[in-house]
1. Extending each Cα 7 Å along its Cβ direction at residue 67 and residue 135, get the distance between those two points in nm, one decimal.
2. State whether region 78-188 is rounded, prolate or oblate according to the following rule on the C-alpha gyration tensor (a ≥ b ≥ c being the square roots of its eigenvalues): a/c under 1.5 gives rounded; otherwise a/b larger than b/c gives prolate, and the remaining case gives oblate.
């Protein structure tokens, strides 16, 4: 199983879960109805990616596979989201709680992202040609803008995947900041 198929399976499961939670959860699961659907979707997507990656045969490269079980309680996750930072940091896999405004274009040679929007709204541009590109490390390039590309208007509850080697740019953030979980998977 490749990481692309893990992404695809996780996203399919997340979409199905989101529809289920929107329609059936209030009736079937009243005790957990207080958990926002977006938070439940985010938790499910992260677990689906981790479980899917763990099902890759042992002979496969280990990028993105957690080296240990990680349990992070909701209090710590919520506190991390307020200030931003790492929730899980494992070889090949990092899960971040990010809070940011508009910024520079980023390009990563070996890092794929899954962004799960929790709060705010933003325009994210992916692909296209980087303008004013500058290499800041062996695996990263930043730029001042993108010519062309695909524009995505992201709001709470949206999920977007960005493969490695894809320029991406938080071009506009009308809400001044956005909060999102970033699942970062390193490859070779």
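Every number here is computed from the coordinates shown, using simple stated rules; none is lab data. Computed from a predicted structure; not experimentally measured. Neighbour counts run over all protein chains shown; Cβ positions are idealised from the backbone, glycine included.
1. Inter-label distance under the simple model: 2.7 nm.
2. It is oblate, given that a/c is not under 1.5 and a/b is not larger than b/c.
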